[in-house]
Each structure stands twice: as structure tokens, then as C-alpha cells.
1. Give the separation of the Cα centroids, the range 309-348 to the range 85-147, in Å.
2. Each residue of the range 203-218 in turn: what ³J(HN,Hα) in whole Hz from Karplus with 6.51, -1.76, 1.60 and θ = phi - 60°, glycine and Pro shown as x?
3. Magnitude of the Cβ-charge dipole of the range 165-280, K/R +1 and D/E -1, about the Cα centre, nearest 20 debye?
4. Hey, can you grab everything whose amide H is under 5 Å from the amide H of residue 69? Only 5+ residues off in sequence or another chain; H modelled, so Pro and N-termini drop out.
5. Show which aspartates and glutamates lie in cross-link reach of residue 187 when reach means a straight Cα distance below 19 angstrom and same-chain residues fewer than eight apart are skipped.
6. Order of 247, 297 from fewest to most other C-beta atoms within 10 Å?
7. Between the alpha-carbon centers of the range 196-243 and the range 363-407, tell me the distance in whole angstrom.
8. Give me 217, 399 sorted ascending by neighbouring Cβ count inside 10 Å, so fewest comes first.
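FYI, it's all coordinate maths here, none of it is from the lab. What you are looking at is a predicted structure, and each value in this text was computed from that prediction instead of being measured. Cβ: placed from backbone, ideal geometry, glycine included. Neighbour counts: every protein chain shown.
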Amino acid sequence: MPPAKMAKSKAAKGKAPKAAARTKVPAKAAGKAKPAGKQPSRPAAARATPVAERHVPVAAPGPMPGGLVRLLEDDGTVAKGRDPNLPADVLLFLYEQMVQVREFDRRMLMLQRQGRIGFYGPILGQEAATVGSVAALEARDWVFPALREGAAAMMRGLPLTEAINQLIGNGQDRCKGRQMPCHYTFKEGNYYGMSSVIGTQVSHAVGAAMAARLRGDDVVVLGYLGDGATSANDFHCGMNFAAVFKSPCVIFCQNNQWAISVPISKQSASETLAQKGKAYGMPFVRVDGNDVLAVYSVTRDAVARARQGQGPTFIEAVTYRRLGHSSSDDPTRYRDEAEVKAWEKKDPVDRFRAYLTRRGLWNEAKETALQASIAQRVNAAIAAAEQNGPPADETLITDVYAQVTPQLREQLAEVLALEGRRVNEGAFPL
Ligand SMILES: Cc1ncc(C[n+]2csc(CCOP(=O)(O)OP(=O)(O)O)c2C)c(N)n1
Ligand SMILES: [Mg+2]
């Protein structure tokens, strides 16, 4: 049932919680959000989640495939009968999002090197895993991201200027500079603020999904984690709880082979991360994370199972972190460049472009136009965000209690008397 109808029928039964009634989240978000500066025309891709609106038929839940699920070959071909046959506009939406986040990533890393933002966690190489998985959600579903899923917020309508406001931590940042960069939060897009504590995304996602079920919301939660997070307590508690109570969620692990400087071989003695799902008694699947079609397909099926009351699925997306853990890291100190080169050949964007070209949906002229349009969007967003001043000093004491207490006021006055205003402006501690 299309989301709009679903919300109506729930309302008729007298149990239409607020969240379930939201169907066009990104569109609403655009209306509600206060862009901090002049925002270029919204990326076509950010208008909505067309995948959700035009959902392709859901595969019947069945036994999970063994081995690695891969649909797209390096040359852009798909084995006969295995193409999910997504509509052209959906395919182009996915491609545009992948290209956009790649360019955004490149530029943000440059800004960090120039001292214009303090920190950045790049996703180069993991574009298909994020874009393909989040595209499988309906607009009313929720995302609990880890460090490398900022593209999910943008796909769900977070304007680029707002994302950069967050990276700068300026006065227009929703968290007023109190969070580390890359910890976007975007309530209108049902994108939960990222928790830095590794693995907690799992328990948060599982708990939120349980809460949604108890409230009668028709919501599925997609929670992300990295390979390193599978060693954290929260992963195990969350997986167990999810499976026992059939929490309507999908637990999506981006196995990018590294947890800062710890390789997967030192992270887990299991043959695969996916099989950890079996131990907890939930369906599991291992997918080629650089294959956007495969990622989309397996996530869509997992979301369908969760929505039908069949509980959680654990997905391991096999991919690779091609750059450092963050802008503060130098990966050449602990890994072989040959490994990086080998993964460059499995580039998810190139592979998908080859597929689109084969299908007659893409060509060089379109590529040039898209690159130019994205460069313009990102440039305009940077310019707009950089016009915003820092958060007011008074924000140090707001949002702590419902009302600012006299003690906090006193403390602020003391700090300002001692230090003056904006003494650390422009000095990034990271
Ligand atoms: C509980 C906890 N321990 C340690 C850290 C420090 N830390 C931040 S990111 C990270 C590695 C995460 O690796 P992974 O889960 O594979 O995600 P990736 O960074 O590769 O996306 C660590 C150890 C943390 N944030 N939280
Ligand atoms: Mg990792």
C-alpha cells in the first residue's frame, strides 16, 4: 500500500500516531527547515525518496541466500533474470545521490585541510552501501546512523547548507556547535542524531523499533554500524533483544575492513560478520556493499520482513574505507597502499555508471552536466554556510534545563567576565 493510503487507513482505525502520518518527509523538511543562507535550488534527488513512493514489488520473504549477494558485475552487466528492474527515475536518483555524496566528501575534506572545518569522516568507497540501503525505506521509517551515513540525511532532505552548518558548528547549526562534525541530526527526515559511542546505534535502533511497535506505528528502523562495532557490547545486547522480541528493524553493518587501524582479521574470528545473525536467531545476509542494486534489493526485502512482523535482519555489506578513518588519521602508517589500489578497481560509482550506460540511461554529456550541477550546489552551500556567524555565547547555558536557572546565568556571566567573548573563535581543538 502506498504510504499515504497506509497513513489514512491507520487514521480511520483511530491509531494514527504522528510519525506514521508523515509521508513526504523530505518535502516537509524543506518547508520547515530554516536554510541559513541562500540555498541553491534543491537537488532534484533531495526532493523525495522516489524509491519509497514507487515501491517495486517486494520479494516474498524466504530463505536467505548463501554466500555474497552480488547483482552488478564490474562491467555493468547483470546476470539474466537477476536485475531488480528498478524504474529509470529511481536508478538515476540513486546515481545522483552517490555522485553528490562523493563530491561533498571530497570538498569537505578540502575544507578541513584548509582549517575551515575541524574534522571530517570520509565515506569514499562506501557510497553504494549507504545510498542503496536507505533508499529501501519508506519516508516514515527511521534511520539511526553511524559515522559514515551522512548521505542518508541528505537523501531524506537535509539541505547541503545545513549539513555544512553542522560541520562548521556555526550559529545555524541545529546543535549550536555542541556536537562533533558529521554528527548530523535531521528530525524531519526521521534521521536520528548520530551517537559517537560505537555500537550504541544498534541498541538505539532496536529500542526505537520496539517503541514504534508498542505505539502501533507502522515504522521500520534501519540502524547502521561498522565492522569494529560488532565487538562492542551494545551490538550483542541489541541483536539479542531484536531477535527475541522481533523488533521491526534492519541492522546494517558496513564492513569496510577497518576500525581505525584495526583490520577485520583482528576484529573477529568468525568467517563472516553476517553469520553472527544466525547465533542470535535472525535472518542474515552478506551483500557486496559496492553494488548498489544488490544492497538496495537485500535491504528492501529485510525492510519488508520487518514491516510484516517477521522481525529483524542482520546485513553485512562488504565494502572498503578508501581514505583514513577521519581527517585526523594517516592510514599509510598501518595499511598497505596495494590493498587500497585493489579496492579502487571495485569502485561502486564506476560500476553503477557502467550499468546505466549499458541501459542507455547515461552518457558523457549527462555526466558532465551532473558534475557541473553538483559542483555548483556544493559551492553555493559552502558559501551560504560560511556566511553564518558562530553560536551566541549565551547558547552555552540554553537547552540544559527547560528554563535557564539563575545559577547558570551567574556562571555564564563569570566566564564572560574572565574570558571575554568568543575567545576560541576559529580555533579548532581537533
Ligand atoms: C565505545 C567506543 N569505543 C571506542 C571508540 C573510538 N572509536 C571511534 S570510531 C572507532 C572505530 C569504528 O570502526 P567501525 O565500527 O568499523 O566503523 P568505521 O569507522 O570503520 O566506519 C573507534 C574505536 C568509540 N567512539 N566508542
Ligand atoms: Mg569499519
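1. 15 Å
2. Whole-Hz 3J(HN,Hα) from phi for the range 203-218: 5, 5, 5, 5, x, 5, 5, 4, 4, 4, 5, 4, 7, x, 6, 8.
3. Values: 10 positive and 7 negative charges, 34 e Å.
Dipole magnitude for the range 165-280 comes out near 160 debye.
4. 286, 287, 288
5. Straight-distance partners of residue 187: 138, 141, 149, 162, 173, 217, 218, 399.
6. On the way: 247 28, 297 23.
So the residues, fewest neighbours to most, are 297, 247.
7. Measuring centre to centre over Cα atoms gives 29 Å.
8. Values: 217 23, 399 11.
Going from least to most buried by this count: 399, 217.
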